[in-house]
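Student: Submitted below is the structure of interest, expressed as structure tokens.
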Amino acid sequence: METVKRNVMMNKAGGNASKNALTYRISLPAGAIKALGITPEDRSVILSYDNEKIVIVKE
């Protein structure tokens, strides 16, 4: 298991969102994406979380 430290990116939401709305993103290492078998043609994942963990698995 590999561990990396990342920062959460926060941006103002656009469109019809409220003026205080934010969107959140975290970049993932390319090696992790390749290990999951994610490709541009098949990029669906399942995201699950509880109070302390986020788990991403390929659909």
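The values are calculated or read from the model by the stated rules, or taken from the named source; none is laboratory data. Just so it is clear, the structure is predicted and the values come from calculations on it, not from any experiment. Neighbour counts are summed over all protein chains in view; Cβ atoms, including those assigned to glycine, are modelled from backbone coordinates with ideal geometry.
Student: Return the only residue of ASN16, ASN7 being at pLDDT below 90, in a loop (DSSP other than H, G, I, E, B) and either surrounded by 10 or more Cβ atoms within 10 Å (Cβ to Cβ) or not acidic (Asp, Glu) (or both).
Tutor: After applying the criteria, what remains is ASN16.
Student: For segment 1-36, which residues satisfy the criterion of being closer than 22 Å to LYS58 by Cα and more than 13 Å from the chain's Cα centre (by Cα)?
Tutor: MET1, GLU2, THR3, VAL4, LYS5, GLY31, LYS34, ALA35, LEU36
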